1. So ARG61 clears everything in (1) of a type outside the set (A, V, I, L, M); (2) in contact with a Lys or Arg (Cβ under 8 Å, 6 or more places away or on another chain); (3) on the phi < 0 side of the Ramachandran plot except one condition, right? Which one?
2. Name every residue in the stretch 145-184 that is surrounded by 19 or more Cβ atoms within 10 Å (Cβ to Cβ) and among the hydroxyl-bearing types (Ser, Thr, Tyr), in order of residue number.
3. I need the full set of residues from the stretch 88-122 which are farther than 14 Å from ALA19 by Cβ, in contact with a strand residue (DSSP E or B) (Cβ under 8 Å, 6 or more places away or on another chain) and aliphatic (A, V, I, L, M), in order please.
4. Considering only residues of the stretch 66-116 that are part of a helix (DSSP H, G or I) and charged (D, E, K, R), which is surrounded by the fewest Cβ atoms within 10 Å (Cβ to Cβ)?
5. For the stretch 138-227, list the strands (runs of 3 or more DSSP E) that sit wholly inside it and hold at least 3 residues that are in contact (Cβ under 8 Å) with a residue 24 or more places away in the chain and more than 21 Å from the chain's Cα centre (by Cα); which are they?
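Values in this text are rule-based calculations from the coordinates and carry no lab data. Since the structure is predicted, the reported quantities are computational estimates derived from the model, not experimental observations. Cβ placement follows ideal geometry from the backbone for every residue including glycine, while neighbour counts extend to all protein chains displayed.
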Amino acid sequence: MLGDHVAPGAPDQLIGPRADLPPAEATLARELEAVAHRAWPPQRQIEIGGWTLRASAGSSRRGNSVWAHGGVPDVRAALAAVCDFYATAGLPPMFQRTPVTQPAQLGAVLDAAGFDDTGPTDMCVAPLGALAPVATPASTSVGVTTADVPGDEWLRVAGQVLATFDAQRAGTLAVLSALRLPTVYVTLTVDGAPVAVGRGVADDRWLGIYSMATLPAARGRGAARRVVAALAQWAGARGATHAYLQVEEVSTVARGLYADLGFRPVYRYSYRRAPLSAVRDLPDARDGGPAGAGAA
């Protein structure tokens, strides 16, 4: 791999398991889901047993989905309440499905209700020490700036690459304004021009890497690596020892880069979303439909 390019035909090394995690990996998965939840706090949430129903402005699927981290007394009744919650929010009912989702039979219940399965994403981790600084060619002037709020240059680069900071900017910034964890916004400049950005969130031993964006003209030259290195340096000074990130299956170049940096997959998750027909036809446990299926 040269710069941030992935070699053609390189095998994907970041495909995580979707089920049957060993006990230690299942414990790690539960920790990472809790950390990621804190790093993207929903604007509104309610609890139904061990399910956290999240709703937020913007397009974030995590922020607009159910985190099913524990059991519920009656899955069908809870599912009906989920549909009511998201109908009130003007959103489609959606679950984030991981290998540690509870109850384990939830996937079969969602299949029967017609929920689709979209956005396969891998949660990956790496030791912070692996994310070392990158040597800069003598002919290039590279600068790195950090800030605790997103400045104009940061937003301009992010907005050209990430929909969450373009059409969905207002909603995204509203979510970020509620974040109470230490956060840094890194901007990389080349010969004085901003070309790449990233966002880091520190939470105990973890650095969460988010909002990575490189302008098309600057790709393949190590910009993303330098942003990651700057995030790691910032988090290391705050006691972090490991980094995590989430990368979608379709992001092939990013997946190659992160594998090359030393990230490994812990698990794969996806989003189970109800089409309108599924919501309309869902048997309601409160009206005598099947109750208790898969209850924890």
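1. Of everything listed in (1) of a type outside the set (A, V, I, L, M); (2) in contact with a Lys or Arg (Cβ under 8 Å, 6 or more places away or on another chain); (3) on the phi < 0 side of the Ramachandran plot, ARG61 misses just condition (2).
2. THR164, THR172, THR183
3. Those that are farther than 14 Å from ALA19 by Cβ, in contact with a strand residue (DSSP E or B) (Cβ under 8 Å, 6 or more places away or on another chain) and aliphatic (A, V, I, L, M): ALA89, LEU91, MET94, LEU110.
4. ASP111
5. Result: 142-147, 183-190.
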